[in-house]
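As structure tokens, the structure follows; a few thoughts come after it.
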Amino acid sequence: MTLEDLQELSEKEQQRQSEKKHRILYCSAAGCVSCGSDKVSAALKAKVKEHALEKECEVVGTGCLGLCGEGPLVKVQSDNTLYQNVDVRSAEQIIESHIVNNKKVTSKLTDTSSPFFSSQTKIVLENCGEINSESIDEYIGAHGYQALAKAVNEMQPSGVIEEIRKSGLRGRGGAGYSTGLKWGIVSKAHGDQKYVVCNADEGDPGAFMDRSVLEGDPHRVLEGMAIAGYAVGATQGYVYCRAEYPLAIERLKLAIKQAEKMGLLGNRILESQFNFRIDIRIGAGAFVCGEETALLQSIEGKRGNPKPRPPYPSEKGLWGMPTLINNVESFANIAPIIRNGSDWFSKIGTEKSKGTKVFALAGNIRNTGLIEVPMGIPLRKIIFDIGGGTTEGTEFKAAQTGGPSGGCIPAEHLDLPVDYESLSTVGSIMGSGGLIVMDSTSKMVEVAKFFMQFCMDESCGKCIPCRVGTRHIYGLLDKISKKKATQDDMVLLEELCMMVKETSLCGLGQSAPNPVLSTLRFFRKEYEELLQPVETYHGEPGVVADFEK
Amino acid sequence: MAKITIDGKELDADPKLTIIQAARQHGIHIPHFCWHPKLSVSGNCRMCLVEVEKMPKLAIACATQVAEGMIVRTNNERVIKARNSVMEFLLINHPLDCPICDEAGECKLQDYSYKYSVGYSRFDENKVHKPKRVELGPRIVLDDERCIMCSRCIRFADEIAHQPVLIFTERGTHVVLRTFPHTVLDNPYSMNVIDLCPVGALTSKDFRFKSRVWEMANTESICTGCARGCNINIWTRNNEILRLTPRLNEDVNSYWMCDHGRLGTFKFVNSDNRIKTPMIRKEEALMEVNWDEAISQVASDLRSYKKSEIAGLGSAYATNEDNYVFRRLMKGVIGTKFVDVVPHVKEGDEDQLLIRADKTPNAVGAAAVGVTSVDASTGLEAILNGISSGAIKVLYVLEDNIAADPRVASVLSELDLLIVHSYEHNETTKLASVVLSASTYAEKNGTMTNFQRRVQRIRPAVATLEADRALGGFSMSRWDKFASPNDRWGKGPRRDARPSWRIVSGIANALGAKFKYNAVEEVFKDLAEKVEIFKGLSYAKIGNRGIALTTENVPTSLIPA
């Protein structure tokens, strides 16, 4: 396979698709699968067969179409019609009425001119809802692997790194470290063997961006990893995916097999001297394995516990060798940057935060689902325009970003631009992209307690502040929520939070108190309302906090 | 060298070092639990947090490398506050059962609680409960509640003992230390994890609940389990050895000792099987006699034989001093040329860390002072052949159960006279005509020379009848010092045993020689004057850590592999 072959294949595939009168795409991502898109697809296919439309009409599974709360979703690509809440009966109607009789099924139509669709900018998700997620041909038809071909045939590794650096891409796992700088460090590090690792251990409650990318467009991630391998001088890549994502793992396996068969992974990629293999490693259910040093331990077959940094993985990672670790979404951005150039990418977003960010909207919001927006977009626009605001009859109270490491952003900061720096000024973080909306029915102490219980349960137990501190922060929150606490407990709570933040070993422990600190910052009144006056309450002897669920 | 400042003190530090190492080199102690000089850095206990200027967060001194111009504060308000929190966190779930804990008195957590903790807890929640008696291996019991998850034991098993069987399981406060399924912590060095454990989580099955550590006296000595001569402390109470622990010596054993040395080399000292007084065989039975009778009997016996009929076997278990005086008696006073030492080498029973195939502590020393034969015609085989043929009628054996070897035992019955120095009743004493009760390594002063030709001190930890703890300069516990006659401690059995050099001197003098040794120091002084390779050495020079013989004069052929 050469670059010319690839272009030829791409044109052939585009030609093939254009010859179809109708391409009907049903969402085959986990969200829609869980509400019955399998049955929908079977019904669509059966009807197509019944009407003998197989030649002019194809039915294919595609990646996440975004509006997850209204699934299963079906899209008729030829006239860009989207149907929501499709069941078997309406699937049959789509064929019989829309395809055969050219009459749209109005009861299930989605308004694609709404801000949910028009306000998004899609780079990472550009193929989701457009191509068959299990077909390498369709990925190639959408210019897939051309960036890899360009990199290995036309660019020096240093040139690739420079291009990524200039693009301004920052780590999409949440911390926002410059991707180009990280690649540069790994490429300069000395080691007999280097590794590229894709962190697909997405564990934040309410986050499903990476899952959607892997399920909908796995080749994009593989291509990004291969380009990274070429740039830093690695020949082996690992995707570390959590076991809770069986569909993503299945699609990745298929994609790796397809790419290897076509010479896009393996030895002498695209007839160059570059060799790169990718293997999958499956997690065993520990949230902490999303922390990079713990993740590497887990790949090595050890207990997934974090290690102190330095040494950073970029110098001493997997089996002591220089290792590049990026998140799924970061890798998904690589191919478009190489294909379209860093200038194109850096025009999107803000001065310090370039490109787009995928968010998973969840909580008390009308449009639950997956969105991709340019960096710098105001939070208000995400929640009220794209998300459609809170559910019927309730008032917006706060948005939680960054999962258990993040914080709650109240209404007064709704005009905050969504970028790495702005979010940290209000005590939250960009995080990997979970965005949970809370309305006036949410109790903030309960919210903090929920996240603290998550951190307590998921603490690996290696370092003492996180192991014991999270348990006791949870204990104090429990005490407060049960109206058994006094002002003294509040003082203790805040001090405990500061100490866990200051003394914990890894990012998890250091950020575990954030949900408490940020709710304290903006919703202190809700805490104080639950306190007992010191004079009247003397506490119960013996058991005070109940740690059992 | 990098110039760094720790707590206002300017220091030169090797930039390869971490802050904790550099500080340690300059005598600044940064508190820590999980860090250990010989183990990889884990960074989990958070006790060594220090403030480094220009770093936004507190840094752990164990994992932060020194850099030029670095300014470190180990004791400012921020650091103290963090440290107090770490201590508070650690103590929240700790059972605080110090009154029944073996570690109390030598516990890092206890010590640091006094030094670095505020002294009270603000939490009154229930503690997490965990298993109290978990058998990790045949010699080690774990109390999960005491464990602070420092992971030192895990790293030791992995990195030093090369038996990576330990691991934490579960998460959060439910974490417990376990062995992998179907494995046990059973390796030749397993018990070092007990010393490494900063708390009382890992305890020795053998020593568990035997004694509070402050009730014991500890004596610096060396292990006699093999030719390594690991530096140890002998812990005694009631004139009885209760445990041995390794003592740091980077040139010999670092921080470690093997389980065999720890458990297998002291129990005979306490044993009921000890020989309590000299004994002479009268009408088939060994009868207890006093020293004067025993010595004059031996002297008159020896006088009645020709020197060519007498042979002597020194001992690789005895000290340099014992062997030196023995050589003077045999070769100088009696004048026999049949003198040698029985080797005790277990081929293959050795490893890369400490354990040597030569199971004696002083084979090199015995050779160095001239006891070991360099001539096959006067060596062990020649002696055994001489006994078989009847040419040799008398054998004098120093501190060695030579009859444990059945081949030797069968020959010994041919002898007219078998004189034996022994600690305990054994195969050789059964055949002996005279048994002289010898002090063990734990009851005398002296030196041993290990396989590296390093001369090291042994010191008495257990008093015999001839010695007094206070006058003899023994290491003393409070019980030793202050126990009154009606206390049950401070008594313990005392045997009428003597160091071999004193017994041999007595015999030599009874034979008309003039050995003027009143104390072991005088023997060593004489030895250091007469034996070339010991020239210039003294007990003071040997010190606590030993000293390597600089010359290569010990013939290699004499040093067992």
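The values are calculated or read from the model by the stated rules, or taken from the named source; none is laboratory data. This one's a predicted model, so the numbers in the text were calculated from it and none came from an experiment. Please note: Cβ atoms are built from the backbone with ideal geometry, for glycine as well, and neighbour counts cover all protein chains shown. Heavy atoms of the whole protein, side chains included, go into the accessibility calculation; ligands, DNA and RNA do not. Shrake-Rupley method; radii C 1.70, N 1.55, O 1.52, S 1.80 Å.
A few notes on this one:
- Screening residue B:124 on (1) within 13 Å of chain A (Cβ to nearest Cβ); (2) out of contact with any strand residue (DSSP E or B) (no Cβ under 8 Å at 6 or more places or on another chain); (3) surrounded by 14 or more Cβ atoms within 10 Å (Cβ to Cβ) shows it passes everything except condition (3).
- Checking each residue in the stretch B:89-114 for being at the interface with chain A (Cβ under 9 Å from one of its Cβ atoms) and either within 11 Å of residue B:47 (Cα to Cα) or open to solvent by less than 10 Å² (accessible area, probe 1.4 Å) (or both) picks out B:89, B:90.
- The stretch A:414-439, subset of a type in the set (A, V, I, L, M, F, W, C) and touching a residue at least 60 places away in the same chain (Cβ under 8 Å), residue farthest from the other protein chains (Cβ to nearest Cβ): A:437
- Here is the figure for the stretch A:211-261: residues that are in a loop (DSSP other than H, G, I, E, B), over 20 Å from the mean Cα position of the chain (by Cα) and hydroxyl-bearing (Ser, Thr, Tyr) total 1.
- Some residue of the stretch A:488-504 being part of a loop (DSSP other than H, G, I, E, B) and within 8 Å of chain B (Cβ to nearest Cβ): yes
- Candidates B:232, B:222, B:275 - the one that is without any contact (Cβ under 8 Å) to a residue 40 or more places away in the chain and surrounded by 23 or more Cβ atoms within 10 Å (Cβ to Cβ): B:232
- Scanning the stretch A:404-425 for residues that are assigned to a helix (DSSP H, G or I) and either open to solvent by less than 20 Å² (accessible area, probe 1.4 Å) or of a type outside the set (Asp, Glu) (or both) turns up A:404, A:405, A:411, A:413, A:420, A:422, A:423, A:424, A:425.
- Number of the exception - residue A:452 against (1) at pLDDT 95 or above; (2) within 11 Å of another protein chain (Cβ to nearest Cβ): (2)
- Any hit, the stretch A:427-435, residues being open to solvent by 10 Å² or more (accessible area, probe 1.4 Å), farther than 27 Å from residue A:200 by Cα and either charged (D, E, K, R) or outside any helix (DSSP H, G or I) (or both): no
- Condition met for residue A:442 (at the interface with chain B (Cβ under 8 Å from one of its Cβ atoms), among the polar types (S, T, N, Q) and out of contact with any Ser or Thr (no Cβ under 6 Å at 6 or more places or on another chain)): no
- From A:76, A:105, A:100, residue being hydrophobic (A, V, I, L, M, F, W, C) and open to solvent by 20 Å² or more (accessible area, probe 1.4 Å): A:100
- Sole exception among (1) open to solvent by 10 Å² or more (accessible area, probe 1.4 Å); (2) touching a residue at least 40 places away in the same chain (Cβ under 8 Å); (3) under 23 Å from residue B:497 (Cβ atoms); (4) among the small types (Gly, Ala, Ser) for residue B:404, by number: (2)
Residue by residue, here is whether (1) open to solvent by 20 Å² or more (accessible area, probe 1.4 Å); (2) in contact (Cβ under 8 Å) with a residue 60 or more places away in the chain; (3) more than 13 Å from chain A (Cβ to nearest Cβ); (4) aliphatic (A, V, I, L, M) holds:
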| residue | (1), (2), (3), (4) |
| --- | --- |
| B:35 | no, no, no, no |
| B:56 | yes, no, no, no |
| B:82 | no, no, no, yes |
| B:137 | no, no, yes, no |
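- Strands (runs of 3 or more DSSP E) within the stretch B:280-399 that include 2 or more residues without any contact (Cβ under 8 Å) to a residue 24 or more places away in the chain: B:285-288
- Count - residues of the stretch A:114-172 that are assigned to a loop (DSSP other than H, G, I, E, B), β-branched (Val, Ile, Thr) and either in the same structural domain as residue A:188 (by TED's automatic domain parsing) or open to solvent by less than 20 Å² (accessible area, probe 1.4 Å) (or both): 3
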